[in-house]
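Everything below concerns the one structure shown next.
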There are 2 protein chains.
Amino acid sequence: MTPKRTKPAQTPALDVSKELRIQKISAGTVVDHITAGYALAVLQILGITGANGEVVSIAMNVQSQKLGKMDVSKVEGRELTSDEINRIAMVAPNATINIIRNYEVHQKQRITVPDHVEGIVRCANPSCITNRERGITSRFAVVERTPVTLRCNYCQRVTSHDNIIAQLLGKSQQLAQQ
Amino acid sequence: MTPKRTKPAQTPALDVSKELRIQKISAGTVVDHITAGYALAVLQILGITGANGEVVSIAMNVQSQKLGKMDVSKVEGRELTSDEINRIAMVAPNATINIIRNYEVHQKQRITVPDHVEGIVRCANPSCITNRERGITSRFAVVERTPVTLRCNYCQRVTSHDNIIAQLLGKSQQLAQQ
């Protein structure tokens, strides 16, 4: 018998050095072309922490043919709602939403930032009527798309991208690019 | 010639439906066998948000032969310090650290939770001398390993796993499994 060679540094089950293959998903959503550095923000918008068993993978700052660098996020067993997609558009205006069913791309949707935004974020002006009175939905014109910047229809105050990010991610979060 | 079948919903560049291959890393660290649901906690301990261009990928709640479900985190161009590994041990006591150099696993290290922990977290008892006087390093005996629970060497107060998580992730974070 030849002596058994020991390979203490390698495991046969998963050669992590070469490639990390993330398992196929049979159904779910792939969000790609996320603005580089914003994948965690997308997870946060979707309320995904991993704590509830969600099968999710993300890649940050990987090469993209179109965008230079981008992030990708892949969520199993969940198709995003239009409200979720609208919120993602605020942080990742160039993203693409791929709905997967039965291992195939069932639908591919380029995110579009609309001309007007309603109710997703609050106006940056604390004195704005939309912040002072209940039952009034915020309404903005989109003044810039990359990054998204909004002007209030009521008080004309501009809500900056940083402010939008802070609102969508929760005040305490610093995941956004500063 | 047979007619070409059109597949309008598919992009030739990246067939995201089938598999998301995360690019090889030439150098860096793969943390695998992370307790399921804690990959984002590991990123947070490492201060990784993606905003600084870090090339990082994670997979959450994927199947593992050993653990049932696990998380994996892959960080390019960075070898973790022993202090970082010690902090990861508090949230992912069964993790394995793979140092990658030149596309190969240079070193594989199973995380071990030590018998005693110094200075990584604070004692849960606000009146403990380690919290009241400066220059005294916290010291704990490990009373449980999965999940990690600590007993203070000074006041004997037990610091719970939830408290440890909250400290390591910042008070406002709720990424931990509750």
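The values are calculated or read from the model by the stated rules, or taken from the named source; none is laboratory data. Keep in mind that what you see is a predicted model, and the values were worked out from it rather than measured. No Cβ is skipped: glycine too gets one built from the backbone with ideal geometry, and neighbour counts run over all protein chains shown. Areas reflect the complete protein model, heavy atoms only, side chains present, ligands, DNA and RNA absent. Shrake-Rupley method; radii C 1.70, N 1.55, O 1.52, S 1.80 Å.
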Quiz prompt | Under the Karplus curve 6.51 cos²θ - 1.76 cosθ + 1.60, θ = phi - 60°, whole-Hz ³J(HN,Hα) for the stretch A:85-95, x wherever Gly or Pro sits | solution = 5, 5, 6, 4, 4, 5, 9, 9, x, 9, 6
Quiz prompt | Environment charge of residue A:96, counting only residues whose C-beta is closer than 11 Å and scoring Lys/Arg +1, Asp/Glu -1 | solution = +2
Self-check item: For the stretch B:49-55, Karplus couplings with θ = phi - 60° (6.51, -1.76, 1.60), whole Hz, Gly/Pro x
Solution: 10, x, 5, 9, x, 4, 8
Quiz prompt | Long-range amide H partners of residue A:144 with built H, under 5 Å | solution = A:149
Exercise. Between copies, how far apart are the residue A:110 label points? List them in nm, one decimal, shortest first, with each point 7 Å from Cα toward Cβ, please?
Key: 5.2
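Can you give me the relative contact order of the stretch A:29-154 as a percent, contacts being Cα pairs under 8 Å and 6 or more apart?
23
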Quiz item: How high is the relative contact order of the stretch A:22-75, in percent, with contacts defined as C-alpha pairs under 8 Å that are six or more residues apart?
Solution: 48
Practice problem: Can you list the distances in nanometres, one decimal and ascending, from the residue A:141 label point to the identical position in each other copy, with the point 7 Å along Cα to Cβ? | Solution: 7.0
Quiz prompt | Under-5 Å amide H pairs with residue B:34, H placed in peptide plane, nonlocal only | solution = B:71, B:96
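For the stretch A:59-178, which whole percent of the accessible surface, found with a 1.4 angstrom probe, sits on carbon and sulfur atoms?
About 42 percent, which is the carbon plus sulfur part of the accessible surface.
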Practice problem: Quick one: what are the phi-derived ³J(HN,Hα) couplings along the stretch B:127-139, Karplus 6.51/-1.76/1.60 with θ = phi - 60°, whole Hz, x for glycine and proline? | Solution: 8, 4, 4, 5, 8, 8, 10, 6, x, 9, 7, 5, 9
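Percentage of Cα-Cα pair distances in the stretch B:44-178 greater than 23 Å, rounded to whole percent?
Result for the distance tail: 40 percent.
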Quiz item: Considering amide H positions built from the backbone, and no H for Pro or chain starts, which residues 5 or more places from residue A:100, or on another chain, come under 5 Å of its amide H?
Solution: A:28, A:29, A:30, A:106
Exercise. List the distances, in nm and shortest first, from the label point of residue A:158 to the matching label points in every other copy, placing each point 7 Å from Cα along the Cα-to-Cβ direction.
Key: 5.6
Quiz item: Say the cut-off is 23 Å between C-alpha atoms; which of A:66/B:69; B:74/B:108; B:66/B:108; A:74/A:108 go over it?
Solution: A:66/B:69
